[in-house]
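The values are calculated or read from the model by the stated rules, or taken from the named source; none is laboratory data. No experiment lies behind these values; they were computed from the predicted model shown. Backbone-built Cβ (ideal geometry, glycine too); neighbour counts: all protein chains shown. Quick note on the areas: whole protein, heavy atoms, side chains included, nothing else; ligands and nucleic acids left out. Shrake-Rupley method; radii C 1.70, N 1.55, O 1.52, S 1.80 Å.
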Amino acid sequence: MRIIKAYLLLSICTITLLSCSDDDSNPIVVTPLNKSGVIENYANIVYKNYQDAKTDAVSLKTVIDVFVATPTDANFTAAKTAWKTARESYGTTEAFRFANGPIDIDDNAPEGLLNSWPLDENYIDYVDGSANSGIINDLATYPTISKSVLEGLNTQGGDANVSVGYHAIEFLLWGQDLTIPSDLLAGQRPYTDFVDGGTAANQGRRRDYLAACAELLVDHLQLMINEWKPSGNYRATFLAENPDTALKNILGAIATLSKSELAGERMFVTYTNQNQEDEHSCFSDNTHRDIRLNLQGIANVYRGSYSSVSGVSLEDIITSTNPTLGAQITATLTLAETSIEATATPFDYAITDAGQRPLVATAVTTLQTLGDKFVEGGVALGINVTIQ
Amino acid sequence: MFEVVKAEEFAPLLLLILFYSNMKKLSPILFLLSILLSCSKDDEVYIPQGGDTNEQFSGGETTTFDFSQNAFSLQAPNLNTQEGLDFFVGNSLFNQNWVTAPASTTARDGLGPLFNAHSCSGCHGDDGRGRPPLYTGEVDHGSLLRLSIFGTNDNGGAINDPNYGGQLQDQSIQNIDTEAAFEISYQDITGQYADGTSYALQKPIYHITNLMYGPIANDINVSPRVANQMIGLGLLEAIDENTLLSFTDENDSNNDGISGRPNYVWDVASNSTKIGRFGWKANQPNLRQQVAGAFNGDMGITSTLFPDENCPPGVDCNTLPNGGSPEIPDNNLSHVTLYSSTLGVPARRDWDVTEIQEGKALFNQINCNSCHIPKIVTGNHPTIDALSNQIIRPYTDLLLHDMGDELSDNRADFLATGNEWRTPPLWGIGLIETVNGHNRLLHDGRARNIEEAILWHGGEAEESKLEFTNLDASKREKLIAFLNTL
């Protein structure tokens, strides 16, 4: 109700403004901000980024299929490399979350199937001290391992009961990271866990599990492409929306990712608990890349540029509206990039080493400031941006 | 959120100044400003029926505006920077599963040996409300059975069952027997509105089965309790004690049949008796103790407030691995307490719709507001400024009321008798279905919707219940529709 009133107020006053202008001997040409340009460019970025993420997921699936057919150490290493590559293009897409968009609009949206975290390892497979735990080792309850079975089991009985997605694959490829952080090592699962007669039990089911997860990843990314492609359903809805609503969603998303998800959930919690398992990619020790890629995604959206896509940006219209504020946001974004880049790798070392911890704390503060600055940028555009 | 609304109202002003910044002429700006101010004045004249301006802001400045499944999960928007960060730490400890010690999850180990849930969110799913199990043997539903025998302990509280303690845990770690299971059967109770419409209620009867640690006391009192939504709890803690006492009418001096009184309960940290605020019988004096009590009773996690494991008879818990002494250290208990204090309260929806305002008038007319007090101003919160001096609309007095024999659990809890229950806050009641996929209400979740919850009211609330049953169908619908906007 208040929003409606605000628009009403705006239009009444705008009409007044125009009538003022008519009275003036030198009519003023009011150039509206190119909001629709920003919105269209954003849709192009989203589509291109999901295309890249899917391409890399298809590559990952191909390499995993090779490993599952021929489980050798070399093929295992190739699968791990392909997983890390796939995370690169997916990482920047996280800037499209929290935007009331198809990735996470509700509990049925695919985000939880792609990137659920943190994950209780013993829901999937054996863990240290519990050789028979997990879906893989529970033949009685889950006689068949299939895509539909695994998708149906995701987050059943608890948010951490993650059965599918990037982090389920990560756990299957690396295993628990039981190393001490200063050794700078990731999880040490042997490839023989996938070899009949090798280590651990139920190797065949583990292979089936891994292959099914890789295929699901491709399926779920395809859903995003269907929504955002030029003839896509959501793209049409998005472009037809009130421009201020679309911009509110876009800005609110990067403000939320920066201040809540990245600074809060992913960095400060881990920093405080000093607990490896609170890391986003704790098995592969790839969390430092997740963090950098999330911020890169934020920067892509704000600067209106990704890969071959480039156009009118939020940075452009905020800076032309309020040059001082625009310069401040740009500087804060750059500072955030510098401060994140300064944190140590891997992240479990950055949060546990006394000399490295202050750098993480600084990065957290900078990301919080960045989130707040995006809200101010919204105010400059006349948009009420909320951080979730 | 007040700030955001202000920003929204300023936005046109900013835009206009922007448009006019090219003109380099001052007078039109001043002219416009004056028009704008007059616009704003018109805006302010808009006062909703019912007279409570800003009544959509249920949690004062902690009010949030997400009405999705996340409605109960957002942090209050007015926290300071450090609180905002600490909230996330509390969130991780609240939402993620605790595991059996020893584990690589060093921050969250020590579950059990006996427990009801692996995490706080196991019962308070999405920071919302639990329900009774749907079938025998279902776990993680968000309800538990309190156990006690007659009499009071040295601190004035209930006396636990000698073998099964103060609550029945229906889960356990590997190699330790689970205490017992329970079954529920339902008895149908039918009634009729004055207009002839009939209704049916279901009264639960609990049967404890599979007792693994010897007999349970013959005079055992069993009190089922569901987990409550977590919103606005710090605001309730910030209500000045004198404000609560001003609501009391222990001898019913105004002859309205309603005689609220405070519970006075044991405060472990100060080793003294304090006014009770939290729990279905207001048996906890503050959130920190409520949280520590839940960690201990529901998850088997020790803390400095409750350092002892709930150890079943015949088991030497000293021989079991634990997650440290205590298992949740004080700083993390503080994080979860902060988290539990600062979940924002969702705003009202459709609060200014005529039918809703009529429903609210009916709510007041039949005296629901005598106990479900609509508006309270908080006092000073000891540690969190965002919760201090807030105008809130919790719809509770936090006092004990006799609710009649039908709702009685026979379990005394400090001053509360078996018939007495704390008035539960009603904020968020219309979003439980969205958040938790059910609308089970009252202490044991027996009511399947708001209407049934009203019909279960008895004792001091008997008169209001009767007046409700005398309303015609359209008025009943309006009253319930109003409650659904809370």
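Among the candidates B:Ala217, B:Ala238, B:Ala292, B:Ala269, single out the residue that is of a type in the set (Gly, Ala, Ser) and surrounded by fewer than 16 Cβ atoms within 10 Å (Cβ to Cβ).
Numbers: B:Ala217 fails: surrounded by fewer than 16 Cβ atoms within 10 Å (Cβ to Cβ); B:Ala238 fails: surrounded by fewer than 16 Cβ atoms within 10 Å (Cβ to Cβ); B:Ala292 fails: surrounded by fewer than 16 Cβ atoms within 10 Å (Cβ to Cβ).
None of the other options fit; the residue is B:Ala269.
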Exercise for review: Scan A:Leu367, A:Leu295 and give me the residue that is assigned to a helix (DSSP H, G or I) and either within 11 Å of another protein chain (Cβ to nearest Cβ) or touching a strand residue (DSSP E or B) at 6+ places or on another chain (Cβ under 7 Å) (or both).
Suggested key: A:Leu367
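Here's a check for you: in segment A:137-154, which residue that is among the hydroxyl-bearing types (Ser, Thr, Tyr) and surrounded by fewer than 17 Cβ atoms within 10 Å (Cβ to Cβ) is modelled with the lowest pLDDT?
At the first step, the residues of segment A:137-154 found to be among the hydroxyl-bearing types (Ser, Thr, Tyr) are A:141-142, A:144, A:146, A:148.
Retained after the next criterion (residues that are surrounded by fewer than 17 Cβ atoms within 10 Å (Cβ to Cβ)): A:141, A:144, A:146, A:148.
Values: A:Thr141: 93, A:Thr144: 96, A:Ser146: 97, A:Ser148: 96.
Going through the qualifying residues, I end up with A:Thr141.
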Exercise for review: Quickly run through segment B:424-449 and pick out the residues that are in a loop (DSSP other than H, G, I, E, B) and within 27 Å of B:Gln192 (Cβ to Cβ).
Suggested key: B:Pro424, B:Leu426, B:His438, B:Asn439, B:Arg440, B:Leu442, B:His443, B:Asp444, B:Gly445, B:Arg446, B:Arg448, B:Asn449
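Name the one entry in A:Gly304, A:Gly378, A:Gly311, A:Gly355 that is open to solvent by 10 Å² or more (accessible area, probe 1.4 Å), over 30 Å from A:Ala168 (Cβ atoms) and touching a residue at least 40 places away in the same chain (Cβ under 8 Å). Working first, answer last.
Values: A:Gly304 fails: open to solvent by 10 Å² or more (accessible area, probe 1.4 Å); A:Gly378 fails: open to solvent by 10 Å² or more (accessible area, probe 1.4 Å); A:Gly355 fails: touching a residue at least 40 places away in the same chain (Cβ under 8 Å).
That would be A:Gly311, the only listed residue that is open to solvent by 10 Å² or more (accessible area, probe 1.4 Å), over 30 Å from A:Ala168 (Cβ atoms) and touching a residue at least 40 places away in the same chain (Cβ under 8 Å).
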Exercise for review: Answer with yes or no whether A:Leu333 is modelled with pLDDT of 95 or more and either among the small types (Gly, Ala, Ser) or open to solvent by 10 Å² or more (accessible area, probe 1.4 Å) (or both).
Suggested key: no
Practice item. Could you tell me which numbered condition B:Ser121 fails, if it satisfies all but one of (1) outside any helix (DSSP H, G or I); (2) open to solvent by 10 Å² or more (accessible area, probe 1.4 Å); (3) closer than 20 Å to A:Val162 by Cα? Key: (1)
Revision key, fill the gap. Checking A:Leu239, A:Leu221 in turn, the sole residue that is among the aliphatic types (A, V, I, L, M), assigned to a helix (DSSP H, G or I) and open to solvent by 30 Å² or more (accessible area, probe 1.4 Å) turns out to be A:Leu239
Practice item. Could you figure out which of (1) in a loop (DSSP other than H, G, I, E, B); (2) buried (at least 20 other Cβ atoms within 10 Å of the Cβ); (3) over 14 Å from the mean Cα position of the chain (by Cα) isn't true of A:Ala246? Key: (1)
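Being within 13 Å of chain B (Cβ to nearest Cβ) and not small (Gly, Ala, Ser) is the filter; apply it to segment A:331-361 and report the residue that is farthest from the chain's Cα centre (by Cα). Reasoning before the result, please.
At the first step, the residues of segment A:331-361 found to be within 13 Å of chain B (Cβ to nearest Cβ) are A:348, A:351-352, A:360-361.
With not small (Gly, Ala, Ser) added as a condition, the list becomes A:348, A:351-352, A:360.
On the way: A:Asp348: 20, A:Ile351: 21, A:Thr352: 24, A:Val360: 20 Å.
By that ranking, first place goes to A:Thr352.
Answer yes or no as to whether B:Glu452 is part of a helix (DSSP H, G or I) and crowded, with 18+ Cβ neighbours inside 10 Å.
Taking the combined requirement at face value, the residue satisfies it.
Would you mind finding the one in B:Phe72, B:Phe87 that is within 11 Å of chain A (Cβ to nearest Cβ), at negative phi, at pLDDT 95 or above and crowded, with 19+ Cβ neighbours inside 10 Å? Full working, then the answer.
On the way: B:Phe72 fails: within 11 Å of chain A (Cβ to nearest Cβ).
Within the list B:Phe72, B:Phe87, the selection yields B:Phe87.
Give B:Asn331, B:Asn364, B:Asn369, B:Asn410 a once-over and let me know the one that is open to solvent by 10 Å² or more (accessible area, probe 1.4 Å), farther than 20 Å from B:Gln284 by Cβ and touching a strand residue (DSSP E or B) at 6+ places or on another chain (Cβ under 8 Å). Steps first, answer last, please.
Details: B:Asn331 fails: touching a strand residue (DSSP E or B) at 6+ places or on another chain (Cβ under 8 Å); B:Asn364 fails: touching a strand residue (DSSP E or B) at 6+ places or on another chain (Cβ under 8 Å); B:Asn369 fails: touching a strand residue (DSSP E or B) at 6+ places or on another chain (Cβ under 8 Å).
Matching residue, one of B:Asn331, B:Asn364, B:Asn369, B:Asn410: B:Asn410.
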Revision key, fill the gap. A:Ser130 vs (1) away from chain B (no Cβ under 12 Å); (2) open to solvent by 10 Å² or more (accessible area, probe 1.4 Å): all pass except (1)
Point to revise | Filter pass, A:Ala160 being in contact with a Pro (Cβ under 8 Å, 6 or more places away or on another chain) and either part of a helix (DSSP H, G or I) or closer than 17 Å to A:Ser281 by Cα (or both) | key: yes
Check your understanding: Quick check: anything in segment B:157-168 open to solvent by 10 Å² or more (accessible area, probe 1.4 Å), within 14 Å of chain A (Cβ to nearest Cβ) and either without any contact (Cβ under 8 Å) to a residue 40 or more places away in the chain or out of contact with any Phe, Trp or Tyr (no Cβ under 9 Å at 6 or more places or on another chain) (or both)?
Key -> no
Practice item. Identify the residue in segment B:93-111 that is closer than 13 Å to B:Ile328 by Cα and within 25 Å of the chain's Cα centre (by Cα) and, among all such residues, is modelled with the lowest pLDDT. Key: B:Arg108
Review point. What number of residues in segment A:168-181 are within 14 Å of chain B (Cβ to nearest Cβ) and either hydroxyl-bearing (Ser, Thr, Tyr) or touching a residue at least 12 places away in the same chain (Cβ under 8 Å) (or both)?
Key: 8
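Does A:Ile254 satisfy being farther than 23 Å from B:Glu83 by Cβ, part of a helix (DSSP H, G or I), away from every other protein chain (no Cβ under 14 Å) and not charged (D, E, K, R)?
no
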**Study point:** Pairs with Cβ under 6 Å, 6+ apart, first in segment B:277-288 and assigned to a loop (DSSP other than H, G, I, E, B), second surrounded by fewer than 24 Cβ atoms within 10 Å (Cβ to Cβ) and basic (Lys, Arg)
**Key:** B:Trp280/B:Arg225; B:Pro285/B:Lys274
Practice item. Answer yes if at least one residue in segment B:91-101 is buried (at least 21 other Cβ atoms within 10 Å of the Cβ), assigned to a loop (DSSP other than H, G, I, E, B) and away from chain A (no Cβ under 13 Å), and no otherwise. Key: no
Exercise for review: For residues that are touching an Asp or Glu at 6+ places or on another chain (Cβ under 8 Å) and open to solvent by less than 30 Å² (accessible area, probe 1.4 Å), tally how many sit in segment B:280-289.
Suggested key: 5
Review point. Here are some conditions: (1) open to solvent by 10 Å² or more (accessible area, probe 1.4 Å); (2) within 14 Å of chain B (Cβ to nearest Cβ); (3) part of a helix (DSSP H, G or I); (4) not polar (S, T, N, Q). A:Cys282 meets all but one. Which one does it not meet?
Key: (3)
Review point. Quick one: in segment A:90-101, which of the residues that are open to solvent by less than 20 Å² (accessible area, probe 1.4 Å) and more than 10 Å from the chain's Cα centre (by Cα) is nearest to A:Trp228 (Cα to Cα)?
Key: A:Gly101
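Considering each of B:Thr64, B:Thr152 in turn, give the residue that is surrounded by fewer than 19 Cβ atoms within 10 Å (Cβ to Cβ) and out of contact with any helix residue (DSSP H, G or I) (no Cβ under 8 Å at 6 or more places or on another chain).
Of B:Thr64, B:Thr152, the one residue that is surrounded by fewer than 19 Cβ atoms within 10 Å (Cβ to Cβ) and out of contact with any helix residue (DSSP H, G or I) (no Cβ under 8 Å at 6 or more places or on another chain) is B:Thr152.
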Point to revise | Filter result (within 10 Å of chain A (Cβ to nearest Cβ) and aliphatic (A, V, I, L, M)) within segment B:102-125 | key: B:Ala103, B:Ala107, B:Ala117
Study note, to complete from the structure: Across segment B:126-140, the tally of residues that are more than 11 Å from chain A (Cβ to nearest Cβ), farther than 22 Å from B:Pro312 by Cα, open to solvent by 10 Å² or more (accessible area, probe 1.4 Å) and not hydrophobic (A, V, I, L, M, F, W, C) stands at 5
Review point. Just a yes or no: is a residue in segment A:141-162 of a type in the set (Asp, Glu) and within 14 Å of chain B (Cβ to nearest Cβ)?
Key: yes
